[in-house]
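Asker: Input: one structure, supplied below.
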Amino acid sequence: MAYTIERAHIRDLAKVKPFWKAMVEHYHETLAGQWPVRTPEQAWQLRHQEYMTWINEGSGVVFIARDVQANAVGYAALHFSSVGSTFDLGDAVGELESLAVHPEHRNHGLGARLIDACRKELHKRDIGYWMLDTLAVDERTNRLYSRAGFAPFLLTMVQSVEELSLIHISEPTRRTPI
């Protein structure tokens with residue numbers, strides 16, 4: 001199937017909204033109540049503002065995939081950020097913030113093409129590393145990212161602060177010097 005991938009303008013963000021909302025719904029389904037997830041509309045309001053800021057400031061890009069009838073069928077959002085103090089990954093890193101493809105257009109290599117568009121943008125900007133966050137339990141998505149060359153690096157662990165009261169943390173055993 002033939003697709004085109006182009007850089008989105010702010011006026012194109014409305015075309016991204018249904019994909020973002022579907023992605024948030026997917027999180028609801030995948031996590032099955034294990035973790036709190038915003039409603040799709042709440043999540044979109046926040047993300048839409050981020051996309052507008054990134055595009056206006058040049059700190060990110062959004063790519064839209066279109067079919068032969070010029071319908072939006074997927075998108076990827078790439079954000080550029082500074083690197084922390086620990087790892088020597090260059091002056092900036094890319095973050096693949098979002099990737100969504102309409103279900104009818106999956107398994108045609110479109111996700112890989114969107115990833116490649118992001119990778120080319122990183123090359124243009126001389127950014128040598130990029131990362132993404134994905135749900136640990138989402139095996140299908142994790143396979144896509146592994147095939148694209150991503151590998152586990154850091155492990156993010158999450159806990160509700162309310163759960164702290166349920167866990168007894170023992171003091172380390174002190175040894176008496178001889």
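Asker: Report the Rg/Rh value for the chain, based on alpha-carbon coordinates and the Kirkwood definition of Rh.
Answerer: My calculation puts Rg/Rh at 1.06.
Asker: Okay, moving on. Ignoring ligands, DNA and RNA, what percent of the 1.4 Å accessible area of the range 1-82 is carbon and sulfur?
Answerer: Carbon with sulfur: 53 percent of the solvent-accessible area.
Asker: Show 20, 130 ordered by accessible area, largest first, where the area counts protein heavy atoms only and the probe is 1.4 Å.
Answerer: 130, 20
Asker: May I ask for the net charge around residue 80, where only other residues with Cβ less than 15 Å from the Cβ of residue 80 are counted and Lys, Arg are +1 while Asp, Glu are -1? Provide the component values of the computation, followed by the final result.
Answerer: Details: positive: 7, 119, 120, 124, 125; negative: 50, 57, 91, 95, 97, 121, 126.
Net charge around residue 80: -2.
Asker: Also: Evaluate the relative contact order of the chain (contact order divided by residue number), counting alpha-carbon pairs under 8 angstrom at least 6 apart; express in whole percent.
Answerer: 18
Asker: Determine the percent antiparallel among the DSSP beta bridges restricted to the chain, to the nearest 5.
Answerer: 85
Asker: Over its Cα atoms, what ratio of radius of gyration to 2.2 N^0.38 Å does the range 76-154 give? Write out the running numbers ahead of the final one.
Answerer: Details: Rg = 13.1 Å, N = 79, 2.2 N^0.38 = 11.6 Å.
Working it through for the range 76-154, the quotient is 1.13.
Asker: Then there's this: Most mobile of 34, 42, 159 per a Gaussian network model of the chain (Cα springs, under 10 Å)?
Answerer: Largest GNM mean-square fluctuation: 159.
Asker: How many angstrom lie between the Cα centre of the range 50-70 and the Cα centre of the range 9-27?
Answerer: Their Cα centres are 11 Å away from one another.
Asker: Also, quick follow-up: On a 0 to 90° scale, report how tilted helix 13-31 is relative to the longest principal axis of the chain, with both axes built from alpha carbons and the result rounded to the nearest 10.
Answerer: 40
Asker: Can I ask one more? So, taking all protein chains as they sit and a 1.4 Å probe, how much accessible area belongs to residue 7, in Å² rounded to tens?
Answerer: 100
Asker: Further question: All other residues with a Cβ under 10 Å from the Cβ of residue 44 taken together, and with Lys, Arg as +1 and Asp, Glu as -1, what is their net charge?
Answerer: Net charge around residue 44: +3.
Asker: Under 5 Å between amide hydrogens, which residues at least 5 positions from residue 148 or on another chain qualify, with H placed 1.01 Å from N in the peptide plane?
Answerer: none
Asker: Pick out which of 157, 131, 23 has the largest mean-square fluctuation in a Gaussian network model of the chain, springs linking Cα atoms closer than 10 Å.
Answerer: Greatest mean-square fluctuation among the candidates belongs to 157.
Asker: If you don't mind, another one. Which lysines, on any chain, are close to residue 124 with Cα under 23 Å apart, when same-chain ones fewer than 8 places away are left out?
Answerer: The qualifying lysines are none; the list is empty.
Asker: Where is the GNM fluctuation largest for the chain (alpha-carbon springs, 10 angstrom cutoff): 86, 30, 134?
Answerer: 86
The values are calculated or read from the model by the stated rules, or taken from the named source; none is laboratory data. Predicted model, so just to flag it, every value in this text is computed and none were measured. Heads up, the Cβs are rebuilt from the backbone with ideal geometry, glycines too, and the neighbour counts pull from every protein chain shown. Surface accessibility is based on the protein's heavy atoms, side chains included, excluding ligands, DNA and RNA. Shrake-Rupley method; radii C 1.70, N 1.55, O 1.52, S 1.80 Å.
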